[in-house]
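Visitor: Take a look at this one; I'll ask things after.
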Amino acid sequence: MRQDVTVLNLSLANTPLVLKQLQRRPLRDVRPGQGAVDLPGRDWPKPADPLFHMTAAEMDGLQLAYPLDTIKIVNLGKIQVLLDPA
């Protein structure tokens, strides 16, 4: 198992426990040639920053759900999402 790769399952990311575990998990050094697919000719530096820039108190303050009482349009890069509470 590659320990230098972090995968975030969005369904599980909706739970505070998973986010806290990812925040505590140390980032591992990149190990070229250790994966099923090696991508030659590319340098994969270890990230200098943590996965999240949130304190433990900020993570504790995250709501599990946010009330939606009006229609909202959210832009996710090139994808536009219409959130309709009806």
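The values are calculated or read from the model by the stated rules, or taken from the named source; none is laboratory data. Computed from a prediction, not measured in an experiment: that's the story for all the values here. All Cβ positions, even for glycine, are placed from backbone atoms using ideal geometry, and neighbour counts span all protein chains on display.
To keep it simple, each residue is scored yes or no on (1) exposed (fewer than 11 other Cβ atoms within 10 Å of the Cβ); (2) modelled with pLDDT of 75 or more; (3) among the aliphatic types (A, V, I, L, M); (4) more than 30 Å from Leu64 (Cα to Cα).
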position: Ala36; (1), (2), (3), (4): yes, no, yes, yes
position: Asp43; (1), (2), (3), (4): yes, no, no, yes
position: Lys46; (1), (2), (3), (4): yes, yes, no, yes
position: Leu51; (1), (2), (3), (4): no, yes, yes, no
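Visitor: Under 9 Å by Cβ, and 6 or more places apart or on different chains, what pairs join a residue from region 1-25 that is within 21 Å of Asp60 (Cβ to Cβ) with one that is among the polar types (S, T, N, Q)?
Guide: Filtered contacts from region 1-25: Val18/Asn9; Leu22/Thr6; Arg25/Thr6.
Visitor: On the given criteria, is Pro85 at pLDDT 80 or above and exposed (fewer than 10 other Cβ atoms within 10 Å of the Cβ)?
Guide: Judged against the criteria, Pro85 is a match.
Visitor: Can you pull out every residue in region 58-83 that is under 19 Å from Ser11 (Cβ atoms) and touching a residue at least 24 places away in the same chain (Cβ under 8 Å)?
Guide: Met59, Leu62, Leu64
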